[in-house]
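Participant: Structure below; questions to follow.
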Amino acid sequence: MGSGSGLDESPELLKKPAVSGDVSPAADNPEPAPDLTDPHFYINRELSWLEFNQRVLLQALDPSHPLLERVKFLSIVATNLDEFFMVRVATLLRKFRGDSVDMSPDGLDTEQQLTAIRERASRIMREMSHCWNAVLQPALAKHDIVFLERSEYTDAVRDWLRDYFRENVHPVLTPLASDPGHPFPYISNLSMNLAVVVRHGGRTRFARVKLPDLLPRFIQLPSEVSGLPRETFVFLEDVAREHIGMLFPGATLQGVHLFRVVRDTDMVIQEDEADDLLESVDRTLKELRYGQPSQLVVESTMPDRVLNILLENFDIDDDVVERTPSRMGFGHWLELVRLHRPKLKDAPFSPRPLWSDDNLDSIFDEVRERDHLVHHPFDSFASVEAFLRAAVRDPQVIAIKMTLYRIGSNSPLVDMLIEAAEAGKQVAVLVELKARFDERNNIVWAHRMEAAGIHVVYGMVNLKTHSKLCLVVRKEAEGIVRYVHVGTGNYNRATANVYTDIGLFTANPAIVTEVSDVFNYLTGYSNKKDYRELLVAPLNLRAEFTALIEREAAHARAGRPARIIIKNNSVADPEMIRVLYGASRAGVRIDMIVRGVCCLRPGIPGVSDNIRVRSIVGRFLEHSRLYYFENGGSPELLIGSADLMERNLDRRVEALCFVRDPALRNHLVNEVLDTLLSDTVRAMELRTDGSYHLVDGPPGAPAIDAQARLLERHSTTDA
C-alpha cells in the first residue's frame with residue numbers, strides 16, 4: 001500500500017531530528033531537542049482519512065469475509081468518499097476559491113492538498129471499480145447472483161425490460177430541457193443523471209433526466225425471462241439508457257451520458273448572529289441544496305462539448321471532474337446486502353444482555369451497589385434501553401437528563417422520554433441540531449419532544465455537544481440519589497449493533513455530581529471548570545489530558561512504570577501530538593489503536609521511537625475511546641466521547657470519565673485493549689512514511705482476530 005502522506009520523505013530528517021531550543025531534551029537523551037513543529041513530523045489529515053478508506057476497501061478484497069459483507073465494505077468506501085467530498089474537500093475548495101492561505105501542519109498549502117487528494121481519491125475510485133468488475137461481480141456469479149451488461153441482453157430480456165421501463169420507469173422520469181426558454185435544471189446532491197443530446201427542430205439540444213432514488217438501482221429479472229435458474233439483475237441506468245428515446249418522441253437521439261454530482265454540504269452557521277438556532281439550522285439546510293459541486297463524476301466517454309455544458313452551468317473548473325469507465329455511485333451496493341443469502345453473510349449472534357425488561361426493578365439497586373460496564377455490540381444495547389425504561393416507569397425517579405447527538409430514524413429512546421414527561425417527570429434533553437448529516441432528523445425529534453413538554457436545548461453557540469451522557473435523579477429513603485450512564489457512542493440502537501462502544505453505569509457520588517454540573521453547563525450559565533472525575537471539553541479536557549501525558553513522562557524520567565494506551569478514532573491535533581512526542585522522548589511506551597485519521601508519525605528516531613500505531617478494520621466499526629495511563633504503578637483509565645482532534649478538544653462539548661472501579665478498569669485493559677493489541681488478522685501498523693502494513697504475529701503463533709475473540713467471549717452465535 002502506498003504512503004499515506006503524499007509527501008517526499010526526507011530520510012536525513014528521519015534519521016536525525018532538526019535542532020531547536022524550544023523543547024527541553026529528555027534527561028537520558030544527549031541529542032539536542034527536535035523542533036516538534038517541523039512539517040515532516042506530521043501526516044496530512046485528509047490523506048490519512050483516504051488511507052483509512054483504503055483499509056476499508058481491503059476488506060472488500062479479503063476472501064476471509066463472507067461475500068455479501070465484502071460488497072458492504074465496497075459500499076461503505078463509496079459512502080465515505082461522498083461525505084469526504086461533501087465536507088472536507090468542499091471546505092478546502094471554498095478556501096482555495098476565496099484565495100485563503102491555509103497551511104496544514106504537514107506543510108501543504110490548500111492547492112497542494114487538493115492536488116494530492118484528487119490523485120489519491122482517483123486511485124481509490126479506480127481500485128473500487130476493479131474490486132467490483134474483476135473480483136466481487138465474478139464471485140457473486142459463482143453463487144448465482146448475476147449482473148447482466150447491455151451486451152448480454154437476449155431478445156427476451158430486451159422485450160421484458162421494454163415493458164418494465166414503460167410501466168415502472170417512464171412515468172417517474174422527467175426530461176428537463178436546457179435552452180433559452182428553459183433554464184439549466186437544478187441537479188440535486190448525489191443524484192444519478194443522464195445528459196441527453198437530441199436533434200430537435202433542426203437544432204442540437206441538451207436535456208437532463210434524473211434517475212430518482214425511489215427507483216431500484218438493481219432490477220431483478222424473472223427467471224423465465226433471464227433463462228437462468230438464479231438471481232439475475234440489470235442496472236437501472238442501463239435500462240434507462242436503452243429506452244430513453246421514449247421520453248423524446250419525434251427527436252433524434254444523438255448521445256446519452258451518465259453523470260453524478262457531489263455538492264458542498266458543510267453547514268456554516270453564523271451562530272453569534274442567530275436569534276433562533278433551530279430556525280437557522282433549518283434555513284441553512286435548505287440553502288445547502290444549492291451548494292457548489294465539489295466533485296463531478298462523468299463517464300469517460302462523455303464528449304467535451306457535453307462536459308463543457310455541465311462545467312459552465314455548474315460554474316466549476318475541470319479540476320473537480322472525475323472520469324470513470326466503470327460504474328458510479330457504489331454506495332447503492334448496500335441494497336445487495338439485503339439479499340436473503342445467509343451463507344454469504346456474517347453469522348448472526350446474540351449480544352449478552354446485562355439487563356432486560358424482566359429485571360427493571362433491580363437496576364438501580366445493582367448500580368448503587370457497584371459500577372457496571374457494557375461493551376457493544378458484544379453486550380446488548382437493550383441494557384441501555386432497559387436503564388432508561390426503568391427510569392421512566394419507576395415512580396421514585398423524578399428527573400431524567402440526556403444528550404442526543406445521532407438519534408437515528410426510529411428511536412425507542414425518544415418514545416420513552418416522551419412517556420416520562422407525560423408521566424410528570426422532569427425531562428431535559430440536549431439535541432445537537434448540528435450533528436452532520438443528521439440535522440434534519442434531529443429537528444424532527446426536537447419538535448416532537450417539545451410538543452410533549454420535554455425541555456429541549458438545541459446546543460451551545462459555536463459548540464457542538466458530542467458528549468454521551470444520561471442522568472437519572474431518584475428520590476429514595478435516604479434522600480436524592482443520582483445514577484449516570486457515560487458512553488463512548490451515540491444513543492442509537494442501529495449503530496450500537498455494528499459499532500464497538502463502551503458504556504459505564506455508576507452511582508459514584510463524585511461522578512454523578514460532575515455529570516450534573518455538565519448538564520447545568522449545557523442548559524444554563526455555569527462557569528465550573530474544576531472537574532476531577534471528568535475531563536470536559538472545551539473547559540479542561542485539553543489541559544488535563546496534557547497533564548496526564550506529561551505526568552507519565554515524569555514517571556519515565558524517574559524510572560517508574562510509564563505507559564500510555566490510546567484507543568480512539570482520530571489523532572490529529574498538532575499540539576497533542578507534540579505532547580505525545582515529548583512523552584516518547586522521555587521513554588514512555590505508547591501504544592495507539594487509531595481506527596481512522598492519524599497525523600502522528602511513529603518510529604522517528606529521537607522523536608517517536610516509543611510510539612506504535614495500529615488500525616483495526618473488521619466486521620465491527622471500532623468506535624470506542626479509551627485512554628490508559630500506567631501512572632507509576634497506580635493506573636488510571638478514561639472512557640468517553642472525545643478523540644484527539646482540535647474540534648473535539650476546542651469546539652465541542654465532550655466528556656471523558658475516569659473508570660474508578662479497579663475490576664472494571666482491569667477488564668478494559670486486560671480483556672479489551674490487550675486483545676486488540678494482539679490482533680494479527682485485521683490490524684495494520686502505521687509506519688514512519690505514512691503507509692500501513694499488516695501486523696505480523698510471532699512465528700508459529702496462531703492468528704488472532706480480536707473482534708472475533710471478543711465476540712466468542714461475550715456472546716453466543718445463533719444457529
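What follows is calculated from the coordinates using simple rules that are stated; it is not laboratory data. Nothing here was measured: the structure is a model prediction, and the numbers come from that model. Because the Cβ atoms are built from the backbone with ideal geometry, glycine has one as well, and the counts that use them run over all protein chains shown.
Participant: Would you pull out the residues with amide H under 5 Å of residue 489's amide H, same chain only if 5 or more places away, H placed 1.01 Å from N?
Facilitator: 502
Participant: Let me know the shape class of the range 33-178, please: from the alpha-carbon gyration tensor, a ≥ b ≥ c as square roots of the eigenvalues, rounded when a/c is under 1.5, otherwise prolate if a/b is greater than b/c, or oblate.
Facilitator: Note, shape of the range 33-178 comes out oblate.
Participant: Need one number: % antiparallel among DSSP beta bridges in the range 352-523, to the nearest 5.
Facilitator: On the way: 23 of 33 bridges.
Roughly 70 percent of the DSSP beta bridges within the range 352-523 come out antiparallel.
Participant: Moving to a separate point now. So, R0 is 56 Å and r is the distance between the beta-carbons of residue 61 and residue 547; what FRET efficiency does that work out to, to 0.05?
Facilitator: Details: r = 44 Å, r/R0 = 0.78.
Efficiency for this residue pair is about 0.80.
Participant: Based on the Kirkwood radius over alpha-carbon pairs, what is the Stokes-Einstein translational diffusion coefficient of the range 315-375 at 25 °C with 0.890 mPa s viscosity, in µm²/s?
Facilitator: For these conditions, the coefficient is 137 µm²/s.
Participant: Let me ask another. Rounded to the nearest Å, what's the spacing between the alpha carbon centres of the range 214-259 and the range 632-702? Just the number, please.
Facilitator: 49 Å
Participant: Let me ask something else about it. Kindly write out, for the range 394-403 in residue order, the coupling ³J(HN,Hα) from the Karplus curve 6.51 cos²θ - 1.76 cosθ + 1.60 (θ = phi - 60°), rounded to whole Hz, with x marking Gly and Pro.
Facilitator: In residue order, the calculated couplings are 7, x, 7, 6, 10, 8, 9, 10, 7, 9 Hz.
Participant: As an exercise, take the mean of 1/r over every pair of distinct alpha carbons in the range 62-131, invert it, and state the Kirkwood radius in angstroms.
Facilitator: This gives a value of 13.8 Å.
Participant: Here's another thing I want to ask about it. I need the Kirkwood Rh of the range 453-506: take the reciprocal of the average 1/r across all distinct C-alpha pairs and report it in angstrom.
Facilitator: One decimal place: 13.7 Å for the Kirkwood radius.
Participant: Given the -39500 (n - 2.57) contribution per DSSP H run of 4+ residues, what per-residue ellipticity at 222 nm results for the chain, rounded to the nearest 500 deg cm²/dmol? Before the final figure, lay out the partial values.
Facilitator: Details: 23 runs with 235 residues, N = 719.
After summing the helix terms and dividing by residue count, I get -9500 deg cm²/dmol.
Participant: How about the range 149-230: which chymotrypsin sites (Phe, Trp or Tyr not before Pro) there lie in a loop by DSSP and see at most 13 other Cβ atoms within 10 Å?
Facilitator: 186
Participant: Restricting everything to alpha-carbon atoms, can you work out Rg to Rh for the range 146-344 with a Kirkwood hydrodynamic radius?
Facilitator: Reported Rg/Rh (Cα atoms, Kirkwood Rh): 1.03.
Participant: Could you please rank 52, 519, placing first whichever residue has the fewest other Cβ atoms within 10 Å of its Cβ?
Facilitator: 519, 52
Participant: Counting only GluC sites (Glu not before Pro) that are in a DSSP loop and have at most 12 other C-beta atoms within 10 Å, tell me the longest site-free stretch of the chain. Could you put the intermediate results ahead of the total?
Facilitator: On the way: sites that count: 149, 478.
Counting only loop sites that pass the neighbour cut-off, the longest clear stretch is 150-477.
Participant: Would you mind checking which residues have amide H under 5 Å from residue 379's amide H? H placed 1.01 Å from N; only 5 or more apart, or other chain.
Facilitator: Those qualifying (amide H under 5 Å, at least 5 residues apart or on another chain) are 352.
Participant: Now for a separate question. Where does each of 337, 384 land when they are ranked from fewest to most other beta-carbon atoms within 10 angstrom?
Facilitator: Ordered by Cβ neighbours within 10 Å, fewest first: 337, 384.
Participant: Can you give the translational diffusion coefficient of the range 343-436 in µm²/s, computed by Stokes-Einstein from the Kirkwood radius over Cα pairs at 10 °C and 1.306 mPa s?
Facilitator: Numbers: Rh = 15.0 Å.
It comes out at roughly 106 µm²/s.
Participant: If every alpha-carbon in the range 567-719 counts as one equal scatterer, what log10 I(q)/I(0) does Debye give at q = 0.19 1/Å?
Facilitator: With no solvent term, the Cα-only Debye profile gives -1.38.
Participant: Still on this model: Compute the projected area of the convex hull of the Cα atoms of the chain, averaged over all viewing directions, and report it in nm² to one decimal place.
Facilitator: 35.6 nm²
Participant: Same structure again: Quick one: P(r) of the range 352-523 from all Cα-Cα pairs, 5 Å bins, percents rounded to integers, in order of increasing distance.
Facilitator: 1, 9, 19, 23, 23, 16, 7, 2, 0, 0
Participant: Taking amide hydrogens as modeled 1.01 Å from N in the peptide plane, which residues meet the under 5 Å criterion relative to residue 623, leaving out close sequence neighbours?
Facilitator: 500
Participant: Follow-up question, since we're still on this one. Taking 20 °C and 1.002 mPa s as the conditions, I'd like the Stokes-Einstein D for the range 499-617 in µm²/s, using the Kirkwood hydrodynamic radius from alpha carbon pairs.
Facilitator: 133 µm²/s
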